[in-house]
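The values are calculated or read from the model by the stated rules, or taken from the named source; none is laboratory data. Being a predicted model, the structure only gives us computed values, none of them experimental. Every residue, glycine among them, receives a Cβ derived from its backbone with ideal geometry; neighbour counts consider all protein chains shown. Accessible surface is based on the protein model in full, side chains and every heavy atom, while ligands, DNA and RNA are left aside. Shrake-Rupley method; radii C 1.70, N 1.55, O 1.52, S 1.80 Å.
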Amino acid sequence: MASDPARGVYGISVAADLVGMGSQQLRWYETQGLLTPDRTPGGTRRYSDDDLVRLRRIDALLDAGLNTAGIAMVIDLQDEVDDLREELTRAQRP
């Protein structure tokens, strides 16, 4: 059985270690609307593999000189392009 990359499985400290960031950074990115980790019924954040990919994208865009508002715009556009590509691929199937 393949694992679901969108399923939140990592606690904040593990996720932070995996992407080389601090826990406070992850919390701040969430307050800025750059990602939305899953929550347990008790409210604990759970980060998915997809969240880790997104955090690495955020880090790369920060290194490129973008601020968080610019990062949000770029990520939204990248996600839209990915969605459109998937839609085009589905439409081209016989």
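Annotations
- Counting only helices (runs of 4 or more DSSP H) that sit wholly inside the chain, those with at least 2 residues that are open to solvent by less than 70 Å² (accessible area, probe 1.4 Å), modelled with pLDDT of 95 or more and in contact with a strand residue (DSSP E or B) (Cβ under 7 Å, 6 or more places away or on another chain) are 12-19.
- Among residues that are on the phi < 0 side of the Ramachandran plot and in contact with a Phe, Trp or Tyr (Cβ under 9 Å, 6 or more places away or on another chain), Pro41 is not included.
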